[in-house]
Amino acid sequence: MKVKNARFVISISDAKKYPDAIAGTSSKEICVVGRSNVGKSSFINMLAGQKKLAKTSSTPGRTRLINLFSFNDGEFVLTDLPGYGYAAASKSEKNKWGGLIEGYLQSTDRLVRTLLLVDSRHEPSALDKQMAQYLYYYQLPFTVIATKTDKLSKNKIGAAVQQIATALAIGRDDVVPVSAQSGYGKENVLNLIERYVSASSTDNEDKKE
């Protein structure tokens, strides 16, 4: 897939407002979720080929809303969910962010794939494992994106992928290593997104017949 354009659509502070926000549109959605400071905004900017589409910050917990981005004039919408696991956040803030994440995942009928971002430098956290289990439980297809591989030597990337796959009980092929700094893995992710969106469209056509 080649990204011709990408734009910010809307921020949503309450998952209950999500249906109204997408009314009148029909784009399939790819969701991005991960712990605070895992590099979600940088990842989105890498896919878009823009530096400032999604706001980045060195301060964890910056993404506190559901942010929607339209790619290729609505070919698909990328949904950026709040980061989880920000230790300095208050309990009420954590509950709110958790409610936004779960509220979206339970209300959307356009989601074709969730991209679960984890830091390639570390074994997945307890919250990463919990998120993977949640997606398994509700039968929400997902692919794991291993971020920040530029921080690793080339011969350590394979070991990191295996560590993540083992920790989350998934296959190695379900872990895609990327680097927002170098662009490594970008083409692989975009090709996967194209396949997910196309497969969903084909399934919908089959259901109509």
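Give me the Kirkwood hydrodynamic radius of the chain in Å, from all C-alpha pairs, to one decimal place?
17.3
GNM remark for the chain: springs join alpha carbons under 10 Å apart, and the peak mean-square fluctuation among 107, 198, 153 falls on 153.
Using a 1.4 Å probe on the protein heavy atoms, what percent of the accessible area of segment 159-198 belongs to carbon and sulfur? The partial results should precede the final answer.
Numbers: 890 of 2020 Å².
Here it works out to 44 percent.
Computed over segment 1-51, the quotient of the alpha carbon radius of gyration and 2.2 N^0.38 Å is 1.32. Here the Karplus curve 6.51 cos²θ - 1.76 cosθ + 1.60, taken at θ = phi - 60°, turns the phi angles of segment 68-80 into couplings of 10, 10, 9, 10, 6, 6, x, 4, 7, 10, 8, 9, 9 Hz, with x standing for Gly and Pro. Within the assembled protein chains, the solvent-accessible surface assigned to residue 131 is about 20 Å², based on a 1.4 Å probe.
Relative contact order of the chain, please, whole-number percent, based on alpha carbon pairs below 8 angstrom and at least 6 residues apart. Could the numbers behind the result be given before it?
Details: 351 pairs, mean separation 46.9, N = 209.
Relative contact order here is 22 percent.
What segment 1-47 shows is 47 Å² of accessible area per residue, with the surface traced by a 1.4 Å probe over protein heavy atoms.
The values are calculated or read from the model by the stated rules, or taken from the named source; none is laboratory data. Predicted, not measured: the structure shown is a model, and the values here were computed from it. Areas reflect the complete protein model, heavy atoms only, side chains present, ligands, DNA and RNA absent. Shrake-Rupley method; radii C 1.70, N 1.55, O 1.52, S 1.80 Å.
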